1. Tell me, what is the 1.4 Å probe accessible area of I416, in Å² to the nearest 10?
2. With the Cα gyration tensor of the stretch 65-198 giving a ≥ b ≥ c as the square roots of its eigenvalues, does the rule (a/c under 1.5 for rounded; else a/b larger than b/c for prolate; else oblate) give rounded, prolate or oblate?
3. Determine the shape class of the stretch 354-473: with a ≥ b ≥ c the square roots of the Cα gyration tensor eigenvalues, call it rounded for a/c under 1.5, and otherwise prolate if a/b is greater than b/c, oblate otherwise.
4. Could you sort 227-238, 115-126 so that the peptide with the highest average Cβ count within 10 Å comes first and the rest follow in order?
5. Just the number, please: carbon plus sulfur as a percent of the accessible area of the stretch 111-256, 1.4 Å probe, no ligands or DNA/RNA counted.
6. Along the positive direction of the dipole of the chain (beta-carbon charges: Lys, Arg +1; Asp, Glu -1; about the Cα centre), which of I25, F294, T264 reaches farthest?
7. What whole-number value in Å² describes the accessible area per residue of the stretch 210-268 for a 1.4 Å probe?
8. Put a dot 7 Å past each Cα toward the Cβ at V246 and R475; how far apart are the dots in nm?
Amino acid sequence: MSTASVDVPVGTPPAWRRTVVLAVIMGCQLMMVLDTSIVTTALPHVQRELGFTDTSLSWVQNSYALAFGGLLLLGARTGDLLGRRRVFAAGVGLFTAASLMAGLAPSADVLILARVLQGIASAFAIPATLALLVQSFPQPEERTRAISIYSAVIGAGGSAGIIVGGLFTDLLSWRWGMLINVPIGIAVLLLAPRFLPETPRAAGRVDVPGALTVTSGMTALVFGLVSAAESGWTAPVTIATLGAAVALLVAFVLIERRAIQPITPLGLFRDVTRSGAYLVRILIVGAMFSTFYFLSQYLQNVQGFSAVVAGLSYVPLTLMFFAMVYLVRPLSARIGKPLLLLVSLAVAGGGMLWLSAIDTDTPFFSGILPPLLVLGVGQGIAIILLTEFGMTRVAPEDNGAASGLVNTAHQLGGTIGLALLTVVFTAAAANATTSAGAQADAGAYAAVFQFATWFYVLAVVIAAVMVTADRRRGRLSRRRG
């Protein structure tokens with residue numbers, strides 16, 4: 001029996017060390033992704049304990065999203081300049097301290113401040129995670145597997161957050177949803193200096209005009225979308241902030257076109273595959289966020305589930321996300337990644353359409369669980385592929401910026417999706433004048449999932465353009481060869 005040797009690039013760390021690197025990065029990613037949804041099932045308890053009003057309660061979520069979304073691109077550029085491991089560790093340290101502050105918060109104001117600090121920390125730590133992952137796994141096959149696991153953590157993190165939040169809220173306290181980050185953060189901080197590779201400081205400086213316009217523009221955009229969900233699209237504050245966001249982001253593009261060292265190289269958008277991956281990610285994360293947010297409410301408000309049972313209802317979906325890690329590679333080898341993306345989006349859209357058939361009497365095991373599993377298959381595969389496409393053909397010096405764009409698309413998707421679908425839910429509930437109580441609520445939740453299905457339809461159209469571009473690129477490569 002003969003054994004085949006595998007050529008390992010010089011400087012590649014041993015397998016056990018790469019495993020630790022992956023665990024450290026996944027620990028950080030999971031901790032911060034969980035935080036976006038872990039308080040969803042706990043909000044009623046938070047409101048009663050800390051005295052939030054109905055209006056101010058939304059800022060437990062929105063303050064985190066505002067800081068995170070507004071600073072992501074600046075965080076990515078900072079890592080490129082100062083060293084990604086250094087910025088990663090600083091972000092994790094701040095996040096750990098802010099989590100302790102949130103878990104011990106004696107008042108609503110302190111909790112909101114802690115959530116802002118968590119958002120700032122995530123904006124600087126998360127862009128470094130994907131860039132460090134790409135750097136740590138130079139071999140294409142291992143890199144693909146690592147990105148698949150990374151993507152599964154991102155995809156499953158939202159549903160896992162609801163599960164963990166429900167368990168802590170019912171069995172212990174909502175505060176443990178925040179305090180659980182502390183030991184994880186400390187472990188990551190202890191391991192990061194020893195195992196994560198450091199990138200040297202880059203000769204350059206932050207593009208200050210670009211940083212100011214993109215940070216202000218992203219913050220205004222997130223704030224405007226949050227305002228639209230709370231006050232409506234025609235509210236003066238919504239119109240003003242969204243108008244300011246458009247103006248600032250246009251100014252940002254104009255500045256970046258002339259900047260010597262741009263905070264976001266616009267060349268990253270010239271590749272059809274990368275640009276399509278960012279757009280599709282915004283759409284399907286927006287759609288899926290509706291499943292996490294509105295289905296949790298449907299299960300509790302209409303079906304009468306407790307917080308812990310509603311959380312446990314997401315276990316099959318979460319497991320499906322992780323199971324897709326083992327299917328993506330063989331399926332990609334058989335039909336190709338662009339076509340697999342197209343198929344996976346169609347499957348996820350079918351699952352969302354199926355879920356939109358819910359009513360007050362829909363049985364969980366025959367009417368809710370099956371579409372959730374179909375969603376898990378399609379969404380799980382799509383998120384893995386979109387993460388890889390978002391980093392495809394990126395120069396090493398731009399890994400941080402590309403990682404920042406992947407995470408910005410993910411964050412914007414959740415914010416935009418929640419804003420749009422909250423408006424849909426409010427309008428559907430207001431129009432249900434002939435029904436009352438749970439029946440009206442069920443109709444509004446069904447309307448949300450029907451609207452979310454169109455997100456997948458548009459995503460399929462964009463993916464079809466990506467497939468066409470990939471085939472054209474392949475034909476050109478063969479002619480040149």
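1. Result for I416: roughly 50 Å² accessible.
2. Numbers: a/c = 2.00, a/b = 1.49, b/c = 1.35.
Judged from the Cα gyration tensor, the stretch 65-198 comes out prolate (a/c at least 1.5, a/b above b/c).
3. prolate
4. Highest-to-lowest ranking by the protection proxy: 115-126, 227-238.
5. Details: 4260 of 5710 Å².
Answer for the stretch 111-256 is 75 percent, counting heavy atoms of protein chains only.
6. T264
7. Numbers: 2760 Å² over 59 residues.
Per-residue value: 47 Å².
8. Here the modelled spin labels are 3.7 nm apart.
The values are calculated or read from the model by the stated rules, or taken from the named source; none is laboratory data. Small disclaimer: the values here were computed from a predicted structure and weren't measured. Cβ: placed from backbone, ideal geometry, glycine included. Neighbour counts: every protein chain shown. These accessible areas exclude ligands, DNA and RNA; they are computed on the full protein's heavy atoms, side chains included. Shrake-Rupley method; radii C 1.70, N 1.55, O 1.52, S 1.80 Å.
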